[in-house]
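Here the structure comes first, spelled out in structure tokens, and everything after it is commentary.
Each value in this text was obtained by applying a stated rule to the coordinates, not by laboratory testing. If you're wondering where the values come from, they're calculated on a predicted model, not measured in any experiment. Glycine gets a Cβ as well: all are built from the backbone with ideal geometry, and neighbour counts include every protein chain shown.
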């Protein structure tokens, strides 16, 4: 994941032959524990997150969650939680060496009591050059996710 994600709510895309990355960063006026609670409550995810249709499972280390995104409403993604450090970061993964996607979430507390949230998804694999052109532009969905999370976490 890029260490230089700009905290402005605008998503970015970088790509090369065997690697494609989407990222977004936003400042949320809430403590990281509050944001983490929102991000890891799978049962409530589809209520506040306008980018998904449904989510099943538990967001915890080693668990698999089933997610249906509005950008691909006929496909169910089976995402394994491969990293989970409460209040700090987590990673969801899907795929193998042929085509793999890893989505990383990070919370960075700020001295003013707010938290910088970053999310990046990195696609890699031997099939990436062949299918990259058929993938949708995920930037609008990334920006919407960040805005939805900010709105929900900042509720009193």
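See the values below:
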{"quantity": "Two-site FRET efficiency, residue 108 against residue 47, from Cβ-Cβ distance with R₀ of 25 Å, rounded to 0.05", "calculated": "0.45"}
{"quantity": "For the chain, built as a Gaussian network whose Cα springs stay under 10 Å, the top-fluctuating residue of 137, 102, 94", "calculated": "137"}
{"quantity": "Segment residue 100-residue 130, length gained on full extension (0.36 nm per residue, minus Cα span)", "calculated": "9.5 nm"}
{"quantity": "Over the chain, equivalent-ellipsoid semi-axes from the Cα gyration tensor in Å", "calculated": "24, 18, 15"}
{"quantity": "Listed residues 111, 93, 23, most fluctuating in the chain (Gaussian network, C-alpha, under 10 Å)", "calculated": "111"}
{"quantity": "Efficiency of FRET from Cβ geometry, residue 88 and residue 17, R₀ 30 Å, rounded to 0.05", "calculated": "0.40"}
{"quantity": "Pairwise centroid distance, computed over Cα atoms, of segment 84-156 with segment 1-63, Å", "calculated": "4 Å"}
{"quantity": "Helix axis angle, 139-153 relative to the chain longest principal axis, alpha carbon, degrees", "calculated": "20 degrees"}
{"quantity": "Share of Cα-Cα pairs in segment 97-144 lying beyond 17 Å, as whole percent", "calculated": "50 percent"}
{"quantity": "Rounded if a/c under 1.5, otherwise prolate or oblate - segment 29-88, Cα gyration tensor axes", "calculated": "oblate"}
{"quantity": "Principal axes of segment 80-121: Cα extent on each, largest first, Å", "calculated": "43, 16, 9"}
{"quantity": "Mean Cα-pair separation over length for segment 8-156, i.e. relative contact order, pairs under 8 Å, 6 or more apart, %", "calculated": "31 percent"}
{"quantity": "Overall form of segment 55-141 per C-alpha gyration tensor (a/c, 1.5; a/b vs b/c)", "calculated": "prolate"}
